[in-house]
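Notes follow the structure.
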Amino acid sequence: MGSGNHFGTGTGDHVEEGWGKVADAFHANFEGNPGEIGAACSVYVDGRPVVDLWNGFADRETGRRWDNATVVQVASTTKGATAICAHILAQRGELDLDAPVVQYWPEFGAAGKDKIPVRWLLSHQAGLPLVDGPLTFAQACAWDPVIRALEAQKPLWRPGTEHVYHSMTYGYLVGEIVRRISGKSLGTFFADEVAAPLGLSAWIGLPEEHEPRVARIEYAAPFTMEEFVAGMIETTGLDPETVTAWMTAVWGPDSVQARAGELGGALDNTTEYHTTRAWRAAEFPAANMITDARSVARMYGATVSDVDGVRLLEPSTVERMTVVQTDRSRMHGLPPELNVPADRSFYMSLGFWRACPPMPMLGPGAFGHPGSGGSIAFADPDAGVGFGYVTNLWSFRQGEPRASNLIKAVRSCLT
């Protein structure tokens, strides 16, 4: 069951005794709001699968059912896989997170970037959330044109003093470090060092033969900025004035954060680039992993336990890589008088979100990464858990209940 290569049909239920609440929550999600089209959820505990669920449609238009071979795009859930690759190199002594990036990538040092340490790339503090365009989609897929642009670019702020989510550039920055050290692209390194040992159905750069397995993405109903703000108030526990000022400053039209996903014009949502074979075939280590819930749960499980004899990361590595970094710098774009605590806004360690009110996961030691649209994968060292949830109905509402319903059910099964 670890390989994800068996083909089946219809509903999938592998639920060990004592874990029925997760299955109940999973199936209830199909009836809720927004309701699932197709989805999967998997839980590993102490290296063993205790929950493996799938249901619904991989493609509602054609009537293709979601089966145990279905895979789907998981957006920024990809970033956690990319971070794991970097930390494997750090664990081997090949990457020093406190060394300047130029030690591994000399050309990066142009325009005053010669002192930036590797850890600021992993923690979104390097001041490079945007690429000065224009770049084309073909150039973004080709990798090197983006690297050349990032090398030449001046940081938007004094690195290390501020942070903002590097939506797309994160994958190029961390991926190029991995490539310079290992000689392999990030997608190849991930395939060789993570996916192959664990038998994962997970790719950053999807081989063409797996195209028929990919689920078709649909989108939940749009929502207003007012609804977005209301959701942020609920999930962060901050007062309405603070949230409104924060959202207006950081996420408003033409803000840095709003433009971070455009990659210098290469990624234009009106073109539906993310539905193309070219997008899936290329390597975007911030955003285009194609996988299933079982694989990401298994991957994270192997960061905190042995999974079939494979353990990716030692406890000391996990301890170092999960120290929160964004409580040491301000969010870029905030008005000077506004204070938004990191644990209510962007609680980022070295490549992983840490558990916090907006992203509760299981317990305080948990670490992982969500993806735009609803997917999430994480590990909890204290509970020995690896968790994965993927969906093909993408909803961008704050406080989106589907994953949180599943996580609450996992928590109740552990107590």
Open item on the list: Just want to confirm a number: the relative contact order over the stretch 1-142, from Cα pairs under 8 angstrom separated by 6+ residues, in percent.
Closed with: 18
Open item on the list: At a threshold of 8 angstrom on Cα-Cα distance, excluding pairs fewer than six apart, so keeping six or more, what relative contact order does the chain reach in percent?
Closed with: 26
TODO: Pull out the extension gain between D254 and T188, defined as 0.36 nm times the separation in residues minus the alpha carbon to alpha carbon distance; nm, one decimal.
DONE: 20.3 nm
Open item on the list: In whole Hz and in residue order, list the ³J(HN,Hα) couplings for the stretch 278-289 that follow from phi through the Karplus curve 6.51 cos²θ - 1.76 cosθ + 1.60, θ = phi - 60°; x for Gly and Pro.
Closed with: 4, 5, 5, 6, 6, 10, 10, x, 9, 7, 10, 4
Task: Using alpha-carbon coordinates, inclination of helix 78-91 to the longest axis of the chain, degrees - done: 70
Task: Potential lengthening between D308 and R277 on full extension [0.36 nm per residue; Cα-Cα distance subtracted] - done: 7.8 nm
Open item on the list: Keeping all protein chains in the complex and leaving out DNA, RNA and ligands, what accessible area do you get for K184 with a 1.4 Å probe, in Å² to the nearest 10?
Closed with: 60
Task: FRET efficiency estimate (nearest 0.05) - Cβ-Cβ, E16 to E226, R0 56 angstrom - done: 0.80
Task: For the chain, share of DSSP beta bridges that run antiparallel, in % to the nearest 5 - done: 90
Task: Equivalent-ellipsoid semi-axes of the stretch 1-138, from the Cα gyration tensor, Å, largest first - done: 41, 21, 14
Task: Distance violations [Cα-Cα > 32 Å] among K79/K154; K113/K408; K154/K408 - done: K113/K408; K154/K408
- [ ] Under a cut-off of 20 Å between alpha-carbon atoms, report the aspartates and glutamates in cross-link reach of K115, not counting same-chain residues fewer than 8 places apart.
- [x] E94, D96, D98, E107, E151, E162, E176
Task: Amide H contacts under 5 Å for I116, placed H, 5+ residues apart - done: V101
TODO: Could you tell me what fraction of 2.2 N^0.38 Å the Cα radius of gyration of the stretch 355-399 comes to, as a two-decimal ratio?
DONE: 1.17
Open item on the list: If I histogram all Cα-Cα distances within the stretch 86-237 using bins 5 Å wide from 0, what percent of pairs lands in each bin?
Closed with: 2, 8, 14, 17, 16, 15, 12, 11, 5, 1
Task: For the stretch 62-149: rounded, prolate or oblate by the Cα gyration tensor [a/c cutoff 1.5] - done: oblate
Task: Two-decimal log10 I(q)/I(0) for the stretch 286-343, as the Debye equation yields it once each C-alpha is a single scatterer, q = 0.17, 0.18 Å⁻¹ - done: -0.78, -0.81
- [ ] Go ahead and collect, in residue order, the members of the stretch 166-181 whose backbone nitrogen is under 20 Å from a label point 7 Å along the Cα-Cβ direction of N269.
- [x] 166-171
TODO: Work out the FRET efficiency for E61 and R92 from their Cβ-Cβ distance, taking R0 = 45 Å, and round it to the nearest 0.05.
DONE: 0.45
- [ ] Report relative contact order for the stretch 84-215 in percent, whole number only (criteria: Cα-Cα under 8 Å, sequence separation at least 6).
- [x] 25
Task: Calculated from backbone phi, Karplus (6.51, -1.76, 1.60) coupling profile of the stretch 191-196 in Hz, x at Gly/Pro - done: 4, 6, 9, 10, 5, 5
TODO: Quick one: which residues, 5+ away or cross-chain, put their amide H under 5 Å from the amide H of V71? H built at 1.01 Å from N.
DONE: V214, A215
Task: Rounded tilt (10° steps) of 401-414 against the dominant C-alpha axis of the chain - done: 70
- [ ] Could you work out how far helix 169-182 tilts from the main Cα principal axis of the chain, as a 0 to 90 degree angle to the nearest 10?
- [x] 90
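Counting other Cβ atoms within 10 Å, keep those with at most 14, restrict to DSSP loop, and tell me which GluC sites (Glu not before Pro) in the stretch 74-160 are left.
Those that pass, being in a loop and sparsely packed, are E94.
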TODO: Go through 163-169, 225-231 and give me the packing order, highest mean Cβ count within 10 Å leading.
DONE: 163-169, 225-231
TODO: Might you report the magnitude of the Cβ-based charge dipole of the chain about its Cα centre, with Lys and Arg at +1 and Asp and Glu at -1, to the nearest 20 debye?
DONE: 500
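Under the 0.36 nm per residue contour assumption, what length would be gained going from the current alpha-carbon distance of A138 and S316 to full extension?
60.0 nm
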TODO: Compute from the Cα atoms of the stretch 146-196 the Rg and the Dmax, the latter being the longest Cα-Cα distance, and quote both in angstrom.
DONE: 13.2, 40
Task: Sites D46 and S372, calculated FRET efficiency, Cβ-Cβ separation with R0 30 Å, nearest 0.05 - done: 0.45
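The values are calculated or read from the model by the stated rules, or taken from the named source; none is laboratory data. Just so it is clear, the model here is predicted, and its values are computed rather than measured. Backbone-built Cβ (ideal geometry, glycine too); neighbour counts: all protein chains shown. For accessibility, only protein heavy atoms count, side chains too; no ligands or nucleic acids. Shrake-Rupley method; radii C 1.70, N 1.55, O 1.52, S 1.80 Å.
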